[in-house]
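Beneath this line is the structure, given in C-alpha cells, with notes to follow.
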Amino acid sequence: MKFLRFFLRLSLFGSCGALWLLAGVYLYLSPNLPDVETLRDVKLQTPMRVYTRDGQLIGQFGEQKRSPLPFNAIPDQFIKALLAAEDDSFFRHRGIDVMGLMRAVSELVLTGEKGSGGSTLTMQVARNYFLTLDRTFMRKFNEILLAIEIERTLDKQEIFELYFNRVFLGHRAYGFEAASQVYYGVGIGELDLAQHAMLAGLPKAPSRNNPISRPEAGKQRRNWILGRMLELGYINNGQYSTATQQAVVARHHGAQLSFSAHYAAEMTRQQMLQRYGMAAYNDGYHVYTTINSELQQVARMAVIDGLITYDKRHGYRGPERQLPQTDGDNTELWRDTLAETAVIAGLLPAVVTKVEQDKVILLLADGSQQELLWENGLRQAAPYLTENARGRGPKNPDDVLSVGDLIRITQQDDEWRLAQVPSVQAALVSLDPDNGAIISIVGGLGFELSKFNRATQALRQPGSNFKPFVYSAALEAGFTAASIINDAPVVMEDSSLEDIWRPENDSGKFYGPTRLRWALTKSRNLVSIRLVQQLGANTLIDYAERFGFDTSDFTPDLSLALGTHAMSPLDLASAYAMLANGGYRVEPYLIQRIDNLAGETVFDARPLTVCRDCEYVAEQAETGSELSMEQILVEQEPEQDTPPVAPRVMDERVNYIINSILRDVITRGTGRRALVLERGDIGGKTGTTNGPMDAWFSGFSRDVITSTWVGFDNYTPLGRKEFGGTAALPIWIQYMREALRDSPEVERPLPAGIVHVRIDPDTGQLANAGQRNAIFEYFREEHVPRRNAQEGGPGSGSQGTDNLVRDIF
C-alpha cells in the first residue's frame, strides 16, 4: 500500500509538473507565434500565365510551378490517397495526433533518434507556412501550438486546401495540381488511382520517391500507400490489384502551351516585369494579349516555309556535324546526342547509320530506324558554294552523307525528306490598323534557335519600303501623283564619305522624266532622291515623325530617300498602319487585359482607336447639319466606355492617293506576286537594300497590315537574285491569304475634295480632248494641273539646283 500511495503521488506530481511545464512553454512561446488569421489571405507564389485574346495559353513564367485549386475541385480519390499516406485521422483530430506523438517519443527513447515525427497535415501546414525545416524540439513545440490555433481558426477543408496547394513535390512543382501537370501532363482530376497514390507519396521525400529520377523507389512508396488505402477501406481488392500492377508512366512535362508563340510571350514577360517587377512572376497574373491564335500559327508557318524555300534555292550546306564513333554499337551514344539536340522549326535531328545505293538509314531520338530515299532531297542536294552559286548535283547518296552525320529531316506525305536549318532569318509583324493591336508577331525561325526578337530588336535599313512616306510628304507639300521628276543619274559629293555616292536603280537603267505614281510603283531610286532634293530632307524628317518614327538620329541628307535609316519591322508596320487606316495615329500594343489571381481585372488597355464616325459627327456639328440618332448616340456615349480617339496625322486626300499608288505596286509594280490573292483592296511596297542584305514587304487591307523582313543576322548578302518581291513577299502572301479569308473586300470611299481627271501620261498635264493615250489620275482639287502649264514650281518637273547633286547629262 505504501508503494501504491508513493506511485500515485509521484504520478500526480509528474502530471502537475508536466502541466506546469506545458503551461510555461505555452506562455513563453505564444506571444511570438504568428497570427494564423493571415492564412485566410495567404498569397501563394503562383506563376504568370500568358494567353492569346481567345484564351489559349502561350507562356508561363515563374520560379515555382503552381496551379492552386479549391477544396471542392480536388478529386475525392486523391484526398483518400493523401490521408492514407500522411494523416488518416485528419478529419477526426484537433490538430495533433496524440498517439502519433507518443509513437514518435517512444521511437526517440528506444532508438535515440528522431523517427516519424508524428506530424499531422495541420502541423505540416504550420511548418510550411510559418516555420523553418530545422528538426529541433523548440520548432516542434511551435508546430504543435500553431496546429492547435489553426484548427481553432480554420475548418478542415480550408486546412487541407492550404496543404494541397503549398507542399513542394519536386521538379519546381508546388502543390499537387502543378505536380500532376509536371509528372503526367494533365490536371489531377484526369489521373487514375495509381497516379494519385504516386503523387500522394511525394511529400515525404520528393527526391527519394520521385517517379522520374527514381521510378522503383516511387513505385514502392505508391504500392505502400495503396496498401494503406485497402487497409482503411478506401479501395477494394480489385482496385488494389489493378493499381499495383500498373507501370510507372511519369515523365517530365513542361508548361502545356497551346502552341508556339514564344516571341509574343517573351515580349509580354518583359512588359509585365517593367510594370510589376518581380511580383509579375509570383502573384499569379493572367495576361491576355492581342494575339490571334489562328493567325499566330499561320504567321509562324509562313516564316518557316519562306525561309526553307529561300534556303533550298541556295544549296545544301552539309550535315550539322559528324558524331564520334566507336568500334562497337554507337546507338545509345548517338541517341543521347539526339536527345540533347533541339527540334528547330519542326526539323528533326537524325544520325546516318548506313549509306546504301539508293537510300540512307537514319536513327531518330526515339530509337527508331527510318529510311531517307534518294529522291526525297538527296538527289536535289547540290552543294552551297556562295549565296550566288551552287555546285554540281550529287550522283549517289554517299556524295551527300556518310555514317555518323547529324542531319535534319522533315516528314511530308508520310515520307522522310532531307532538310537543313536555314541560316537566314526573318520576322513578321501583323497589326490591326484601327488601334495598333498586335495580331501576330514572329521574331525569327525559332525561339529554340535564337531568342533575339528580330521583329522588335533588329534595326535594319528598310530600303524602298520607306518610300511611301517620302511620297506622302511630297504630296502633302503640293506635289501630285502626276508630277514629273527626271529619272537620270545623280552624284552626291559629301566630305564625310570616302567615295562619291552614285545611286542607281535596281535595274541599272535610267528612264528619263517619270510621273511620281509610276516612280513609286516601279520603285525608282533616282526619282526618290531628286524628290527629296526638291522637298528638303528636314521637311521629310518632320513629316516622318508624325508616323511614330524616332527621327532623333535621322541624318538630314538625300540618302533618306532610299530608306537608309535603320528601324525595326515593328516600327515600320506601325507606320504602315497609319497608311492603312486612313491617316490616324495609332501605337502598337500587345497586352489587352491583366487579371489577378482572384480573377479581378487590374488593367484593361485603352489604345488610341480610329473613330471615323466621331470625325464625321464633329464636322456636322461645326456646319450645323442635322445628326441622325446613331450619330447622336456615338457623340453622347460615356467617355469611360470608349477608348481615346486616334488623332489624324495625314491629310485624308493624300492618304487616298498614296493608297491608290500602293495598290498599283501590286497590280503593275514590284509586288505583282500578290495578285495571286485576287483582291483589289490591298496595297503594299517592296524593299531591298544594297547587297542585297535586307528584303522587305509591307502591305495592307483596311483590316490588317503586315510587314515581313528577311536577312542574315551577320549582314551578309542574300544573293543577287533575292529581292523584297522574291524573299519577303511570299511570306506575306502565305500569311495574308489566311488573314484576309473572312475579310470582305472593301472599296475605300472617295474623300471630299478629290477629283479624278484625264491627264497626258508623258507630261502629267491635263489631257487634250480626244487624246487617245490619256489616263485617269487623282488630284486634290486645289492641285489639279493645267494644260500647257509652264515649267517650274513643285511637281512641274523642275529639278532645282543643289551643290550636292548635279546632272550627268
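General observations
- Selection status of residue 328, within 30 Å of residue 730 (Cβ to Cβ), assigned to a loop (DSSP other than H, G, I, E, B) and out of contact with any strand residue (DSSP E or B) (no Cβ under 6 Å at 6 or more places or on another chain): no
- Residue count for segment 206-228, restricted to those that are open to solvent by less than 10 Å² (accessible area, probe 1.4 Å) and out of contact with any Gly (no Cβ under 8 Å at 6 or more places or on another chain): 1.
- Of all residues in segment 221-234, those satisfying the criterion of being of a type in the set (A, V, I, L, M, F, W, C) and closer than 24 Å to residue 210 by Cα are 224, 225, 226, 229, 230.
- Positions within segment 590-614 being open to solvent by 40 Å² or more (accessible area, probe 1.4 Å), farther than 19 Å from residue 702 by Cβ and either in contact with a strand residue (DSSP E or B) (Cβ under 9 Å, 6 or more places away or on another chain) or of a type in the set (Lys, Arg) (or both), in sequence order: 592, 593, 597, 599, 601, 602, 603, 604, 606
- In segment 415-431, the residues that are modelled with pLDDT under 95 reach residues that are polar (S, T, N, Q) and outside any loop (DSSP other than H, G, I, E, B) with C-beta atoms within less than 9 angstrom, at least six apart or across chains, in these pairs: 415/376.
- Residue match in segment 468-483 (condition: on the phi < 0 side of the Ramachandran plot and at pLDDT below 95): no
- Failed condition for residue 186, given (1) within 18 Å of residue 79 (Cα to Cα); (2) assigned to a helix (DSSP H, G or I): (2)
- Residue selected from segment 438-452 under the condition open to solvent by 10 Å² or more (accessible area, probe 1.4 Å) and not β-branched (Val, Ile, Thr), by the criterion nearest to residue 686 (Cα to Cα): 452
- Lone unmet requirement of (1) closer than 24 Å to residue 667 by Cβ; (2) surrounded by fewer than 21 Cβ atoms within 10 Å (Cβ to Cβ); (3) of a type outside the set (A, V, I, L, M, F, W, C) for residue 587: (1)
- So residue 280, is it surrounded by 24 or more Cβ atoms within 10 Å (Cβ to Cβ), closer than 17 Å to residue 58 by Cβ and in contact (Cβ under 8 Å) with a residue 40 or more places away in the chain: no
- The lone criterion from (1) of a type in the set (A, V, I, L, M); (2) in contact (Cβ under 8 Å) with a residue 60 or more places away in the chain; (3) buried (at least 18 other Cβ atoms within 10 Å of the Cβ); (4) farther than 30 Å from residue 445 by Cα left unmet by residue 202 is number (2).
- Among the candidates 671, 711, 691, residue that is open to solvent by 10 Å² or more (accessible area, probe 1.4 Å), under 21 Å from residue 460 (Cα atoms) and not aliphatic (A, V, I, L, M): 691
- At least 3 residues being within 30 Å of residue 645 (Cα to Cα) is the threshold, and among the strands (runs of 3 or more DSSP E) wholly inside segment 356-437 those reaching it are 425-431.
- Residue that is modelled with pLDDT under 90, part of a helix (DSSP H, G or I) and of a type outside the set (S, T, N, Q), where the choices are 147, 81: 147
- Those residues of segment 284-298 which are closer than 15 Å to residue 59 by Cα and not aromatic (Phe, Trp, Tyr), in sequence order: 284, 286, 287, 289, 290, 291, 292, 293, 296, 297
- Annotation for segment 402-412: no member residue is open to solvent by 50 Å² or more (accessible area, probe 1.4 Å), of a type in the set (Ser, Thr, Tyr) and closer than 30 Å to residue 694 by Cβ.
- Selection status of residue 366, out of contact with any His (no Cβ under 6 Å at 6 or more places or on another chain), open to solvent by 20 Å² or more (accessible area, probe 1.4 Å) and over 30 Å from residue 717 (Cβ atoms): yes
- When 764, 719 are screened for being within 22 Å of residue 685 (Cβ to Cβ), surrounded by 14 or more Cβ atoms within 10 Å (Cβ to Cβ) and at pLDDT below 95, only 764 passes.
- Within segment 722-761, if we keep just the residues that are of a type in the set (Asp, Glu) and over 22 Å from residue 297 (Cα atoms), the residue that is surrounded by the most Cβ atoms within 10 Å (Cβ to Cβ) turns out to be 722.
- Residue list for segment 438-475, restricted to those being hydrophobic (A, V, I, L, M, F, W, C) and in a loop (DSSP other than H, G, I, E, B): 445, 447, 449, 452, 455, 458, 459
The values are calculated or read from the model by the stated rules, or taken from the named source; none is laboratory data. In this text, all values refer to a predicted model and were calculated from it rather than measured experimentally. We place every Cβ from the backbone using ideal geometry, glycine too, and count neighbours over all the protein chains shown. These area figures cover heavy atoms from the full protein model, side chains too; ligands, DNA and RNA do not enter into them. Shrake-Rupley method; radii C 1.70, N 1.55, O 1.52, S 1.80 Å.
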